[in-house]
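Everything below concerns the one structure shown next.
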Amino acid sequence: MNQKLSAYIQRVAPSATMATSAKAAALRREGVDVIALSAGEPDFDTPEHIKDAAKQALDEGFTKYTSPPSGIPELKAAVCGRFRKDHGLDYAPEEVVVNNGAKHSLALAVAAVLNPGDEMVIPTPYWVTFTEQPKLVGADPVIVETRDEEGLKLTPEKLRAALTPRTRMVLINSPSNPSGAVYSREELAALGEVALERGLYVLSDEIYEKLVYDGAEHVSMAQLSPELKARTIIVNGVSKTYAMTGWRIGYAAGPRDVIGLMDKAQSQTVSHPSSISQRASVAALEGPQEVVEEMRLEYDRRRRFVVDRLNGLDGVTCALPLGAFYVYPDVSSYFGLGTADRVLADVTDLCDYLLDEARIACVPGPGFGTRAHFRLSYATSMENLHRAMDRLGGALTKLG
């Protein structure tokens with residue numbers, strides 16, 4: 001470690017998902033036919049009415065600085081309206097901040113609550129960024145391992161066991177990236193009791209809330225009681241629901257004092273989100289929602305296909321996820337196998353092999369805190385998924 005540079009940032013690990021996507025992109029630039037199942041990005045185009053709103057903003061010259069830094073009033077009103085309509089949650093504009101993507105919202109929430117030496121409880125499997133953001137402010141992530149038998153979800157018993165006098169926050173991600181797990185109302189209530197007992201803040205990443213299947217219900221911790229609402233910071237955005245990843249609009253709702261600090265930090269760093277993207281996001285949140293259901297139904301079709309194909313492969317087990325657009329199969333039966341010129345010691349070796357042999361890019365589980373799994377995204381065409389599953393099956397049969 002270079003003592004003259006930031007010790008906080010030197011502790012941060014690079015993003016495993018971005019590293020895999022970069023490797024796949026580099027091969028594609030060389031003309032290699034790689035099927036990238038690594039990125040968490042919808043393959044659908046942004047709906048036309050949203051793009052039209054952006055074009056109108058351009059035509060009207062809505063290209064200047066916007067005010068306040070926390071988001072234009074129209075967008076904050078749209079965010080409040082969605083919370084009210086979708087979840088029965090009432091937030092004032094002062095309890096909402098609009099940021100440059102949900103990742104930015106998460107980072108600002110962590111920075112607003114945690115001090116150096118504080119702890120944040122994060123269950124496995126976690127999105128690769130969750131564990132690194134506390135380090136940016138000198139706080140410490142406390143990792144709690146979950147099991148397949150628990151649905152890869154945090155239990156109140158495990159949460160209690162992880163708490164120390166330094167614990168300030170617990171992270172809940174439902175639907176989950178990478179597992180697709182969805183917490184039930186009862187599971188959240190049990191975790192919420194622990195949070196209230198210890199006066200913890202709950203950082204609730206709900207970016208995949210619209211992508212649930214098989215009758216699963218998305219529930220926010222903030223819906224359960226006024227007391228939990230006062231301790232919960234909800235993070236959401238337009239990227240996954242409306243296929244707007246590149247527009248970079250996320251938002252958070254929560255206690256006014258926390259949101260105020262997030263707003264202050266934003267004003268001194270990025271000033272505010274893109275003016276054009278904010279106007280487009282108003283159209284997304286207030287416009288027709290039928291397109292969201294159309295995308296969800298297509299994801300559902302892909303989900304079932306991929307899980308069926310994976311479970312049809314010898315040595316692969318994959319639970320049917322209830323949310324998001326990922327599958328998280330256990331492939332540990334292949335560890336120690338190999339070909340004439342290589343042995344696959346772990347899941348990272350297996351993912352490297354699949355990229356080399358089958359030209360499939362997937363993300364190994366250690367980036368998410370588990371060793372037996374890898375993550376595949378089905379946010380791509382059925383044609384690509386058919387080819388990818390054929391390639392995957394062919395590559396695995398060569399191992400012995």
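Below are the figures for this structure:
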| quantity | calculated |
| --- | --- |
| Residue match in region 172-194 (condition: out of contact with any Ser or Thr (no Cβ under 6 Å at 6 or more places or on another chain), closer than 21 Å to residue 116 by Cα and modelled with pLDDT of 95 or more) | no |
| Filtered residue count, region 1-18, keeping only those that are open to solvent by 40 Å² or more (accessible area, probe 1.4 Å), among the hydrophobic types (A, V, I, L, M, F, W, C) and in contact with a helix residue (DSSP H, G or I) (Cβ under 6 Å, 6 or more places away or on another chain) | 2 |
| Those residues of region 359-391 which are in a helix (DSSP H, G or I) and either without any contact (Cβ under 8 Å) to a residue 60 or more places away in the chain or closer than 30 Å to residue 242 by Cβ (or both), in sequence order | 365, 367, 368, 382, 383, 384, 385, 386, 387, 388, 389, 390 |
| Qualifying residues in region 192-218 (those that are part of a helix (DSSP H, G or I) and touching a residue at least 12 places away in the same chain (Cβ under 8 Å)) - the one nearest to residue 109 (Cα to Cα) | 195 |
| Residue 230 vs. criteria open to solvent by less than 40 Å² (accessible area, probe 1.4 Å), of a type in the set (A, V, I, L, M, F, W, C) and over 18 Å from residue 126 (Cα atoms) | no |
| Residue that is open to solvent by less than 20 Å² (accessible area, probe 1.4 Å), over 19 Å from residue 77 (Cα atoms), among the aromatic types (Phe, Trp, Tyr) and within 18 Å of the chain's Cα centre (by Cα), where the choices are 299, 242 | 299 |
| Odd one out for residue 49 among (1) in a loop (DSSP other than H, G, I, E, B); (2) farther than 17 Å from residue 206 by Cα; (3) in contact with a helix residue (DSSP H, G or I) (Cβ under 8 Å, 6 or more places away or on another chain); (4) at pLDDT 95 or above | (1) |
| Per-region count, region 19-40, residues closer than 30 Å to residue 141 by Cα, open to solvent by 40 Å² or more (accessible area, probe 1.4 Å) and touching a residue at least 12 places away in the same chain (Cβ under 8 Å) | 2 |
| Residues (in contact with a Gly (Cβ under 7 Å, 6 or more places away or on another chain) and closer than 26 Å to residue 186 by Cα) located in region 237-250 | 237 |
| Complete set of residues in region 108-165 that are touching a Phe, Trp or Tyr at 6+ places or on another chain (Cβ under 9 Å) and at pLDDT below 95 | 128 |
| Subset tally (residues that are open to solvent by 20 Å² or more (accessible area, probe 1.4 Å) and in a loop (DSSP other than H, G, I, E, B)) for region 73-90 | 2 |
| Number of the condition not met by residue 279 [criteria: (1) without any contact (Cβ under 8 Å) to a residue 24 or more places away in the chain; (2) of a type in the set (D, E, K, R); (3) touching an Asp or Glu at 6+ places or on another chain (Cβ under 9 Å)] | (1) |
| Subset of region 323-334 (residues that are under 22 Å from residue 126 (Cα atoms) and either among the small types (Gly, Ala, Ser) or assigned to a loop (DSSP other than H, G, I, E, B) (or both)) | 323, 324, 325, 328, 329, 331, 332 |
| Some residue of region 59-67 being open to solvent by 50 Å² or more (accessible area, probe 1.4 Å) and without any contact (Cβ under 8 Å) to a residue 12 or more places away in the chain | yes |
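The values are calculated or read from the model by the stated rules, or taken from the named source; none is laboratory data. Since this is a predicted model, take the numbers as computed values, not measurements. Backbone-built Cβ (ideal geometry, glycine too); neighbour counts: all protein chains shown. Note: accessible area is taken over every heavy atom of the protein model, side chains too, but ligands, DNA and RNA are not part of it. Shrake-Rupley method; radii C 1.70, N 1.55, O 1.52, S 1.80 Å.
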